[in-house]
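The values are calculated or read from the model by the stated rules, or taken from the named source; none is laboratory data. Note that the coordinates shown come from a computational prediction; the quantities given were computed from them, not determined experimentally. Every residue, glycine among them, receives a Cβ derived from its backbone with ideal geometry; neighbour counts consider all protein chains shown.
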């Protein structure tokens, strides 16, 4: 997927002015946010469960190299072909080579954020292969020639009315706003493609090293179709998806489904252990797992390994006031919202996504919603500091901050600055109670809010007067 993260400000401005997008975001994020809150309220001790889940993810990351080797051994023993990809291009080459080796022509593809990173569909289609996204949201995005705008709900940016018009145009169905009818039309289109597909491709929610089990969590059943009907099955798995034990999976699953869709449990939880064995009624003849790095090792070896603990539930997007107003496409890459503002700079280079660490009010809602308690605000602040250290900062702002630091270290300068600010604010306000416009770059603040003037008498002056009067 093309990286457009440095266009965030421009894209966000356009998104805020798009009334249809605002309607879609308001509907989608409000429903998802309330569903998560209701689902989590049913948990007896949600705080303890979150910390248990966090411990499971951090423990897995601590032993990541060993767990990956264990996973490879377990999978290989069951007849799975395990391949390693250092970057997106190698991942795509592996999958294209598999398709050519097995004379594949048609591919049924399940949901996979990793292959969104690598741009797999574009490569396969360029080689003459027929690729159909089978997740309903991903299918809508595909036929609209767009990209997903949300980790869990790819069409968060579309209203039901837009989907109606799209299906009428692309699937030649009678226009209707009925979700059941729209879903039925997609199902009718999909069924023959599942049956005709030579290869299934899918992502992975968790990979259990202890048992060599790969997990997919879905609501539509399309994942099961991709893995059981085609004669060749490929899973593209980010290396951070590995966890230690089946017990850890039990913990994480409870939080994944509640955080992602507000459900106690998704409709389908599929545990995959390998290709079909003699006597199995279904399953692929050949199964491949591509373990994808694509920048994750650099994060793991750097200062931000906690970012890899994310379980891709999308809860931080739904609760973020920035995402709620600009949507996912404004972030300019695969991952949007608070976690996208962390992961995108780390995977693509911080200067290739410089605005994203600033795309946050640091309100902390993302941390409160995260099922594994990732401290996203802290990660964003540290990325901002990295940008400043690398010289990516407005010279005027840098000079102003340095001047402020000097004044804060000197009681005399602090007092003089306070008096000057008080006098200036009162003059600028015309002795009114509020400032309606600040000069220069400070005007960004008062474009949408008033700025209260400084007190006529600061605390230090009041304190001295009180002492002179002999009052305690």
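The table for this structure:
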read-out	value
Elements of type helices (runs of 4 or more DSSP H) in region 293-337, at least 2 residues being in contact (Cβ under 8 Å) with a residue 12 or more places away in the chain and over 19 Å from residue 238 (Cβ atoms)	315-319, 321-326
Pair list, Cβ under 6 Å, 6 or more apart: region 132-143 residue within 17 Å of residue 328 (Cα to Cα) and not assigned by TED's automatic domain parsing to the domain that holds residue 223, other residue buried (at least 20 other Cβ atoms within 10 Å of the Cβ) and at pLDDT 95 or above	none
Residue within region 412-428 that is in contact with a strand residue (DSSP E or B) (Cβ under 9 Å, 6 or more places away or on another chain) and either at positive phi or at pLDDT below 85 (or both) present	yes
Scan of region 105-142 for residues that are assigned to a loop (DSSP other than H, G, I, E, B) and buried (at least 23 other Cβ atoms within 10 Å of the Cβ), ordered by number	110, 111, 112, 134, 135
Qualifying residue in region 37-50 (condition: assigned by TED's automatic domain parsing to the domain that holds residue 152, surrounded by 13 or more Cβ atoms within 10 Å (Cβ to Cβ) and closer than 15 Å to residue 324 by Cα)	no
Residue satisfying all of: in region 191-240; out of contact with any strand residue (DSSP E or B) (no Cβ under 7 Å at 6 or more places or on another chain) and in a helix (DSSP H, G or I); surrounded by the fewest Cβ atoms within 10 Å (Cβ to Cβ) among these	192
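One line per residue, one yes/no per condition, for (1) touching a strand residue (DSSP E or B) at 6+ places or on another chain (Cβ under 8 Å); (2) in contact (Cβ under 8 Å) with a residue 24 or more places away in the chain:
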{"position": "246", "(1), (2)": "yes, yes"}
{"position": "251", "(1), (2)": "no, yes"}
{"position": "254", "(1), (2)": "no, yes"}
{"position": "269", "(1), (2)": "yes, yes"}
{"position": "276", "(1), (2)": "no, no"}
{"position": "282", "(1), (2)": "no, yes"}
{"position": "286", "(1), (2)": "yes, yes"}
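A quick yes/no check of all residues on (1) outside the structural domain of residue 75 (by TED's automatic domain parsing); (2) closer than 30 Å to residue 159 by Cβ:
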position	(1), (2)
279	no, no
286	no, no
289	no, no
304	yes, no
353	yes, yes
361	yes, yes
366	yes, yes
370	yes, yes
379	yes, no
